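First the structure, in the form of structure tokens, and then the observations on it.
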Amino acid sequence: MDGLSIGEVAARSGMAPSALRYYEAQGLVTATRTAGGARRFPRSVLRRLAFVRAAQNVGLSLPEIRAALDTLPEGRAPSARDWARLSRGWRDRLDEQIAALEQLRDGLSSCIGCGCLSLKTCALSNPGDVAAGQGAGARWLSPLLRRVPPASNAG
């Protein structure tokens, strides 16, 4: 049967087989099955996975990536033209992330934005810990930089 096994795709893409199964379950990639139930991926899956990884690096969620991939013709690898078209809308998002990171960098020496009162300057920037009234965590840190890290698969 034609197509790449999950091991071949994992080796060539640098992604774990568990990630490939998860991406398939999320509708990001598709595979056919052999008579014995083994997955077989089209060769175009490699470019599709590179697209997924690049979009994740931009900060897109898997549902956002799936929505972008859903605009492509079925069974075809994303082309450079596809990437240019889809990524055009992500420039503003990246510009916002860059601005938030610059703000974080410029404020690192005086405040981390959490309202913790642990730094001497917090008494000036956050008298009476007013940031605590806005909730837990880094309240003054840009929302773009407060993303929750992905959960570990380690048990």
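The values are calculated or read from the model by the stated rules, or taken from the named source; none is laboratory data. The model shown is predicted, which means the values in this text are computed figures rather than measured ones. Here the Cβ is made from the backbone with ideal geometry for all residues, glycine too, and neighbour counts use every protein chain on show. What goes into the accessible areas is simple: the full protein's heavy atoms, side chains included, and nothing from ligands, DNA or RNA. Shrake-Rupley method; radii C 1.70, N 1.55, O 1.52, S 1.80 Å.
Remark: the range 81-86, residue by residue, has Karplus-estimated 3J(HN,Hα) of 5, 4, 4, 4, 5, 6 Hz, where x stands for each Gly or Pro and the curve is 6.51 cos²θ - 1.76 cosθ + 1.60 at θ = phi - 60°. With all protein chains in place and ligands, DNA and RNA left out, the 1.4 Å accessible area ranks D129, D95 as D95, D129, largest first.
Each of W83, W90 has its accessible area taken with a 1.4 Å probe; listed largest first, they run W83, W90.
Here the 3J(HN,Hα) profile of the range 11-25, calculated from phi with Karplus coefficients 6.51, -1.76 and 1.60 at θ = phi - 60°, is 5, 7, 8, x, 9, 5, x, 5, 5, 5, 5, 5, 4, 5, 4 Hz, Gly and Pro shown as x. Other residues with beta-carbon under 13 Å from the beta-carbon of F51 carry, at +1 per Lys or Arg and -1 per Asp or Glu, a net charge of +4.
Divide the volume of the convex hull of the Cα atoms of the range 10-96 by its number of residues and quote the answer in cubic angstrom per residue. Kindly include the intermediate steps, with their values, before the conclusion.
Values: hull volume 8.4 nm³, N = 87.
Spread over its residues, the Cα hull of the range 10-96 gives 97 Å³ apiece.
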